[in-house]
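Asker: Sharing a structure with you now.
Each value in this text was obtained by applying a stated rule to the coordinates, not by laboratory testing. Given the structure is predicted, the values throughout are model-derived calculations rather than measurements. Here the Cβ positions follow ideal geometry from the backbone for every residue, glycine too, while neighbour counts run over all protein chains shown.
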């Protein structure tokens, strides 16, 4: 029995060593199942966040955040900000980011973008994006461990190895049609969507994401930082295809925090102000951001 356990231990160690070498040295073989940093340019956002302190606004959320709130527009109104949005970021990952960066960033106010989609996802994509770009911490390890997803495990191990051996690749602030803008915004080369017909559908809200969301709101408020909930606009055709939008609005209003659903506040054209069903083009971003600043009149954002 002792000999068997010794051989098993040696085999496991050998397998792990082979696995580690494969992840680092054979990208066409083992790394096909490892997440590579996506178009959110989150590496640059987190690098910047580590060096930022004392801002007016902190933006949180998914791609609806890092593609919808342009720090340059808020800066032109005398408002400093940083955008911690990332691809498909669910409240599960937002909680980790807030716990890690809120105290350092020390914002006067948090704008939490709360589109229903982030409450319906399992968090795997965003977990890999966070794991691939941030320093591996126990909270990240525990988060990934609970996902039961092989690609997430591969990404965690690969990221840990690259950090341990200082092998992180050099990234560029532009990738294809996407360019990283200081402050966490990603600007897409100008393009246009079109009017599209969708079948009737419903948002499927996950209770565990609501739990993470509620806990994160409590943490932020306990730190003395006020929160505004904002739902960024999507195309009118897509929004109207969902039959339980009011149900989600009521869920957000139940927090007793200021909540603004811009799908009902600002009129944007599907074929002029978006580049796909979910994301504004730069023309749409400018209209949306200036409307938010105009509505605030210094109170929603900074009071």
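Asker: Among 80, 159, what is the fewest-to-most ranking by other Cβ atoms within 10 Å?
Answerer: If I rank by nearby Cβ atoms, fewest first, I get 80, 159.
Asker: Which of the peptides 101-111, 194-204 is most tightly packed, and how do the rest follow, judged by the mean count of other Cβ atoms within 10 Å per residue? Let's see the in-between values first.
Answerer: Numbers: 101-111: 19.0, 194-204: 10.8.
The most tightly packed comes first, giving 101-111, 194-204.
Asker: Moving to a separate point now. When the chain is fully extended, how far beyond the present Cα-Cα distance does residue 120 get from residue 253, taking 0.36 nm per residue of separation?
Answerer: Between residue 120 and residue 253, full extension yields 46.1 nm more.
Asker: Where the centroid of each part is defined by its Cα atoms, how far is region 69-129 from region 247-298 in Å?
Answerer: About 16 Å separates the Cα centre of region 69-129 from the one of region 247-298.
Asker: Rounded to the nearest 0.05, what FRET efficiency is calculated for residue 75 and residue 175 with R0 set to 22 Å and r the Cβ-Cβ distance?
Answerer: The calculated FRET efficiency here is 0.40.
Asker: With no solvent and one point per C-alpha, what does the Debye sum give as log10 I(q)/I(0) for region 33-296 at q = 0.16 Å⁻¹?
Answerer: Log10 of I(q)/I(0), two decimals: -1.31.
Asker: Rg and Dmax of region 235-303, Cα atoms, in Å?
Answerer: 13.4, 36
Asker: Additional query: From the mean inverse distance of alpha carbon pairs (Kirkwood) and the Cα radius of gyration, derive Rg over Rh for region 200-256.
Answerer: Numbers: Rg = 13.5 Å, Rh = 13.1 Å.
Here the Rg-to-Rh quotient is 1.03.
Asker: Then there's this: Taking only the Cα atoms of region 116-270, how large is their convex hull per residue, in Å³?
Answerer: 175 Å³
Asker: At a Förster distance of 30 Å, what's the computed FRET efficiency of residue 283 paired with residue 145, Cβ-Cβ distance as r, to 0.05?
Answerer: After rounding, the FRET efficiency stands at 0.10.
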